[in-house]
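Trainee: Got a structure for you, written out below as structure tokens; questions coming shortly.
The values are calculated or read from the model by the stated rules, or taken from the named source; none is laboratory data. Because the structure is a prediction, the values reported are computed rather than measured. Don't worry about glycine lacking a Cβ; one is built from the backbone with ideal geometry, like all the others, and counts go over all protein chains shown. For the accessible areas, the whole protein counts, side chains as well, though only heavy atoms, and no ligand, DNA or RNA atoms are used. Shrake-Rupley method; radii C 1.70, N 1.55, O 1.52, S 1.80 Å.
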Amino acid sequence: MKAVILAAGKGTRMGVLTKDMPKSLLEVNGMPIIVRTLNSLPTYITEVHIVVKYQAKKIIDCIGFTHLGRQIHYHYQDNGSGTAISLYSAKNHLKNEKKFLVLCGDDIYHTNDLIELTSTAPAYGIAKRERKYIEEKTLSHKNGYLESIRIASKEVTVWVGVGAFTLNRNYFNYQHVMNTDNEYSLPHTVAQMKNVKVVEFKNWIQINTPAELLIANDLHNTP
């Protein structure tokens, strides 16, 4: 089974921390986030494709072309913006796959969650969290399947996507969907698909801000 790691973004919300460094290379207790992602992959993942753009050479130099015995392939995101465009950059290596794993390269995942996610396709990893701001996106799901992605209104606790998917070749039959940030969004594109199973992640650590990076360091006392 193949895995795709999306690591093309700049991570502007990290401020000066990503001025000369891709977000995926920021360290949590001495280990780059993307290396933690690679280490969390289930053993049956045999091949990894990493989509790069911002400071791509630094990512390639850090990881190289093999990791834990797996072949690493790189794809440059040239045109357009958004996670849907990033995934499309690796399409030629995925379009015949019965299922493949897709992860963000700048959050931390746990192997057990990924094993459950990859048991079926299509599937979308979700987590419950307290709402931070009024415009935060939330998910609605019913009987274990994704219904929609929308803007939260009065909810205090919301369901959010963790940037992890198990998809199949049918994904590439759908048109990219643009979100409110004028980016082509992978979650919104996936939401068009039928019977998308939702899988609750119990060990996901989101890293969008310097404060969340500090929290991640506190949670990971050892590499």
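Trainee: Local charge sum around S119 (other residues, Cβ-Cβ under 12 Å, Lys/Arg +1, Asp/Glu -1)?
Mentor: Numbers: positive: K99, K197; negative: D113, E116.
Counting the neighbours of S119, the net charge comes to 0.
Trainee: Considering all projection directions equally, how large on average is the shadow of the alpha-carbon convex hull of the stretch 1-91, in square nanometres? List each step's numbers first, then the result.
Mentor: Details: hull surface 23.9 nm².
The Cα convex hull of the stretch 1-91, projected and averaged over all directions, gives 6.0 nm².
Trainee: Taking 30 Å as R0, compute the FRET efficiency from the Cβ-Cβ separation of D20 and T180 and round it to 0.05.
Mentor: Numbers: r = 29 Å, r/R0 = 0.98.
That gives a FRET efficiency of 0.55.
Trainee: Considering the alpha-carbon set of the stretch 47-119 alone, what are its Rg and its Dmax in angstrom?
Mentor: 12.9, 35
Trainee: Another question about this same structure. If the chain between N39 and L68 were fully stretched, how many nm would it gain, using 0.36 nm times the residue separation less the Cα-Cα distance?
Mentor: Values: separation 29, 0.36 × 29 = 10.44 nm, distance 0.78 nm.
Result for the pair: 9.7 nm of gain on full extension.
Trainee: Leaving out ligands, DNA and RNA but keeping every protein chain, what accessible area does Y74 have, in Å² rounded to the nearest 10, with a 1.4 Å probe?
Mentor: 40 Å²
Trainee: Let me ask another. Among 45-58, 86-99, what's the highest-first ranking by average C-beta atoms within 10 angstrom per residue? Could the numbers behind the result be given before it?
Mentor: Details: 45-58: 18.9, 86-99: 16.9.
Top to bottom by mean Cβ count within 10 Å: 45-58, 86-99.
Trainee: If each Cα of the chain is one equal point scatterer, what is log10 of I(q)/I(0) from the Debye formula at q = 0.11, 0.16 Å⁻¹?
Mentor: At q = 0.11, 0.16 Å⁻¹ the computed log10 ratios are -0.50, -1.17.
Trainee: Taking each pair of distinct Cα atoms in the stretch 1-47 once, what is the resulting Kirkwood hydrodynamic radius in Å?
Mentor: Working: mean 1/r = 0.0845 Å⁻¹.
In the stretch 1-47 this quantity evaluates to 11.8 Å.
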